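What follows is a set of notes on a single structure, which appears directly below.
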Amino acid sequence: MSKTVAMNLLEDWCRGMEVDIHRSLLVTGIPEDCGQAEIEETLNVVLSPLGPYRVLNKIFMREENVKAALIEVDEGVNLSTIPRVFSGRGGVWRVVCRDPIQDAEFLKNLNEFLDAEGRTWEDVVRLLQLNHPTLSQNQHQPPENWAEALGVLLGAVVQIIFYMDAEIRARRKPGPRRPLSSRRWQPGVSQEGGRSRRNRGLQQRWVLP
């Protein structure tokens, strides 16, 4: 299984079970005939010295002919200390998790993108408030889970990026167009007033509360 496929599985699994991806691990490469007790024993040797954890779910991946396990670690566990590979029945078991450096790199690239398009974070915040009116009402109340709030923000930002990409492509098409200042910048809606297939798919993939 490629790292990209494994990361997509981790993201979809966390979203479906409504767990924090920044505290979640995906363990792959578990043989099909490996039983529950042996899985827990192997994981306990590797993870218990690092802090509390729990196995949330397991699935069998038919194409890979192996099992995968979703694990949630305690808030105090540093994901960077968890080994990415370790020995288990059948060979090597691999660990996939969200790297905090990836989030920092994403924000760096996003800032460069906004600068190139003449947008600012104020534009992003304004759009988030349009999509989620309750944000402006509770903006002085700190979130109970900062990582969860960040995940919601990044999901909304991805939606905005896809809209901005669609807007850029539309501006490149020949023909008359209205000045940018006369348009209403509304994510997920094309200039013709209909939702594009790309944005529909994105909204189905990124479920925002």
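So here's what we get for this one:
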| item | result |
| --- | --- |
| Failed condition for residue 39, given (1) closer than 14 Å to residue 86 by Cα; (2) in contact with a helix residue (DSSP H, G or I) (Cβ under 8 Å, 6 or more places away or on another chain); (3) not basic (Lys, Arg) | (2) |
| Restricting the stretch 7-29 to residues that are part of a helix (DSSP H, G or I) and in contact with a strand residue (DSSP E or B) (Cβ under 9 Å, 6 or more places away or on another chain), the residue that is farthest from residue 83 (Cα to Cα) | 17 |
| Total residues in the stretch 53-76, condition in contact with a strand residue (DSSP E or B) (Cβ under 7 Å, 6 or more places away or on another chain) and within 18 Å of residue 24 (Cα to Cα) | 15 |
| Cross-chain or 6+ apart pairs with Cβ under 8 Å, the stretch 39-51 first and farther than 15 Å from residue 67 by Cα, then assigned to a helix (DSSP H, G or I) and of a type in the set (Ser, Thr, Tyr) | 50/81 |
| Single match in 135, 79, 107, 128 (criterion: of a type in the set (A, V, I, L, M), under 20 Å from the mean Cα position of the chain (by Cα) and at pLDDT below 65) | 128 |
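Conditions tested, residue by residue: (1) part of a loop (DSSP other than H, G, I, E, B); (2) buried (at least 17 other Cβ atoms within 10 Å of the Cβ).
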site	(1), (2)
5	no, no
42	no, yes
45	no, no
72	no, yes
76	yes, no
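The values are calculated or read from the model by the stated rules, or taken from the named source; none is laboratory data. All values reported here derive from a predicted model rather than from experimental measurement. Don't worry about glycine lacking a Cβ; one is built from the backbone with ideal geometry, like all the others, and counts go over all protein chains shown.
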